[in-house]
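These notes concern the structure reproduced below.
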Amino acid sequence: MSRPPQARLLHSPPTPDPARSIGILGGGLAGLALAALLGERGHAVTVYERDRAGGKLRRVTVGGLSFDTGPSLLTFPEVWQTFLARLGEMDPLDLRPLPGGLGVHHTPFGAVPLPVPPDHPLHAAWETYRTPLLDLAPHIGTLLTTPPRLGDPAFRRASAALFRAVGGHLTAGSWVRARRLPEALAHAVGTHALNAGLAPRDAPALYALIPALVAGNVARPARGMSQLLDTLTMLGAVRGAQVHEQAEVVRVDPASARLTLSGGEVRRHDLLVSALDPARLAALLGRPVRSPVARRTVSGVALYAALSGPAPLPFTSVLPPADFGTFRAAVRAGALPPDTLALVHADGPRLAVLLTAPATASRLGPDHPWVRAQVQRVERTLGVPGLLASARDVLALPPSHYAPGGHPGGAIYGAALSPWRGGPLHPQPYRLHPRLWQVGTGVHPGGGLPAILGGALMVDALLAERRLAPR
Ligand SMILES: Cc1cc2nc3c(=O)[nH]c(=O)nc-3n(C[C@H](O)[C@H](O)[C@H](O)COP(=O)(O)OP(=O)(O)OC[C@H]3O[C@@H](n4cnc5c(N)ncnc54)[C@H](O)[C@@H]3O)c2cc1C
């Protein structure tokens, strides 16, 4: 990838660190992002991936159409810009705002588009909700990319802005109630806590702010999310990072920074970084793995349908459950919620439906009665009965699809952290041993793309400060 001279000027020079050999476990987006950053510092990086690079993000063909599976939106694009600035690269992604922002939320109290447009009856209430958070918005990039240290003035300013925005509220539910929002808007806002399997009354207050902070700033690469994968791969490759696919790591010895591959081959590096789910890493370290059922997170059944023509739908529709408490109780019990959180993207003849499900690695297929009932609810609510049945072809990816390479229950964002470790103000366990660090879904609160890119930036900075491990 070319490096325009003007971009180079923005770039802080690589730390004069002695070049080391670094092995990264897992070629998901977190592992690939970190590979590019460490390659930029001159290290010899090798990524070991058990399957195909990209992890949850994949390009598949359904009914002759190309679909990108896994993440569908890039929120907080400033984190991506910070990542590129660290590499001294211009943005090759051509990020486009998603039409309709976070989409139309079909609450039991009426449909609410987020952001709420000026001609909508709820616009004034939306402004009441959003305006006090304007002060926080410029600090989000700092919170997501900077190690939480009060000695750092930028972090101090950002955390002060977060404290001001959250006020004395511990939970998202209490924060929303204090705003006295109309119930339709409160329901739409509260929906965003459910991605972590938490009802607003259990979710940290920060979750209630997210729709305001991201609603007008949701993007996706012009040529689809897989362009992010291609770009990360290329950014690493031009910095010498090698990605070995079909290379499953079966054992890790932190003391010697050795890893064993499934064929028995042993590789030694100066340092290892795990970009795996913490439960997967625990198994490789020979430690006991806790129950695969995570109670504070969710998985999902993703349906990718090739239609004969464009669906008469907005780009994004969100169907929250009618009752957050019932949803939470079901997810905690590992049971299927009676009406689940559903996310629908309609992009010409491509239709993607994500039905949130408990993280139990279940094999829910398109013909399962629960899946059929949820699809019918989606179609009824959106006024398109029989849409999926009319599709030329449908691919269903259930929780069991996400489990082998990620969280054992197939959690979309990894297991949610407990409240005292969640949020951007808490140090994460990046360094497990002087020769073994970790990045990725499992160690970043929220676990989506901004959190994993931000986490890779933090780990890169922390490693550079420590000049890596002893040889
Ligand atoms: C349906 C769905 C929708 C989503 N929507 C969004 C969204 O809109 N926006 C957003 O920001 N995020 C979204 N996410 C979350 C986002 O996809 C993840 O946060 C991100 O992809 C995680 O990247 P990762 O590299 O941490 O983990 P993973 O992608 O899980 O990568 C881990 C990698 O490690 C490999 N691996 C595992 N074990 C071994 C081993 N023993 N040896 C070698 N390799 C191994 C796996 O094969 C995998 O490639 C979504 C996720 C899903 C599933």
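The values are calculated or read from the model by the stated rules, or taken from the named source; none is laboratory data. As the structure is a computational prediction, the values presented were derived from the model and not from experiment. Ideal geometry is used to build each Cβ from the backbone, glycine not excepted, and the neighbour counts take in all protein chains shown. Quick note on the areas: whole protein, heavy atoms, side chains included, nothing else; ligands and nucleic acids left out. Shrake-Rupley method; radii C 1.70, N 1.55, O 1.52, S 1.80 Å.
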Exercise for the section: Look through region 418-471, keep the residues that are in contact with a strand residue (DSSP E or B) (Cβ under 7 Å, 6 or more places away or on another chain) and among the aromatic types (Phe, Trp, Tyr), and return whichever of them is modelled with the lowest pLDDT. Expected result: 430
Practice task
State the number of residues belonging to region 266-280 that are within 9 Å of the ligand (Cβ to nearest atom) and modelled with pLDDT under 95.
Solution key: 2
Practice task
Determine whether residue 107 is open to solvent by less than 40 Å² (accessible area, probe 1.4 Å) and outside the structural domain of residue 251 (by TED's automatic domain parsing).
Solution key: yes
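The rows are residues; the columns are (1) of a type in the set (A, V, I, L, M); (2) closer than 27 Å to residue 77 by Cβ; (3) in the same structural domain as residue 19 (by TED's automatic domain parsing); (4) within 23 Å of the chain's Cα centre (by Cα).
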residue: 178; (1), (2), (3), (4): yes, no, no, no
residue: 183; (1), (2), (3), (4): no, no, no, no
residue: 191; (1), (2), (3), (4): no, yes, no, yes
residue: 204; (1), (2), (3), (4): no, yes, no, yes
residue: 217; (1), (2), (3), (4): no, yes, no, yes
Exercise for the section: Examine region 414-433 for a residue that is touching a residue at least 60 places away in the same chain (Cβ under 8 Å) and under 20 Å from residue 58 (Cα atoms), and state whether such a residue exists. Expected result: yes
Handout entry: Selection from region 55-67 of residues that are within 14 Å of the ligand (Cβ to nearest atom) and open to solvent by less than 40 Å² (accessible area, probe 1.4 Å)
Key = 55, 57, 60, 67
Exercise for the section: Would you please name the residue that is surrounded by the fewest Cβ atoms within 10 Å (Cβ to Cβ), looking only at residues in region 145-191 that are in contact with an Asp or Glu (Cβ under 8 Å, 6 or more places away or on another chain) and not small (Gly, Ala, Ser)? Expected result: 164
Practice task
Go through region 379-395 residue by residue and tally those that are open to solvent by 50 Å² or more (accessible area, probe 1.4 Å) and touching a His at 6+ places or on another chain (Cβ under 8 Å).
Solution key: 1
Exercise for the section: Would you mind finding the one in 270, 253 that is touching a Lys or Arg at 6+ places or on another chain (Cβ under 7 Å), open to solvent by 20 Å² or more (accessible area, probe 1.4 Å) and in the same structural domain as residue 433 (by TED's automatic domain parsing)? Expected result: 270
Completion exercise
With the first residue restricted to region 50-73 and required to be in the same structural domain as residue 29 (by TED's automatic domain parsing) and within 18 Å of residue 236 (Cβ to Cβ), and the second required to be charged (D, E, K, R) and near the ligand (Cβ under 6 Å from one of its atoms), Cβ contacts under 7 Å at 6 or more apart or on different chains are 50/248
Practice task
Kindly establish whether residue 236 is surrounded by 23 or more Cβ atoms within 10 Å (Cβ to Cβ) and not aliphatic (A, V, I, L, M).
Solution key: yes
Practice task
Answer yes or no: is there a residue in region 297-306 that is of a type in the set (S, T, N, Q), in a helix (DSSP H, G or I), out of contact with any Pro (no Cβ under 7 Å at 6 or more places or on another chain) and within 13 Å of the ligand (Cβ to nearest atom).
Solution key: no
Fill in the blank from the handout: In region 256-265, residues that are near the ligand (Cβ under 9 Å from one of its atoms) and either open to solvent by 80 Å² or more (accessible area, probe 1.4 Å) or within 19 Å of residue 44 (Cβ to Cβ) (or both) total 2
Completion exercise
Those residues of region 205-218 that are open to solvent by 10 Å² or more (accessible area, probe 1.4 Å) and under 23 Å from residue 92 (Cβ atoms) come to a total of 1
Problem - Selection count where residues are open to solvent by 20 Å² or more (accessible area, probe 1.4 Å) and near the ligand (Cβ under 8 Å from one of its atoms), scope region 396-418 - result: 5
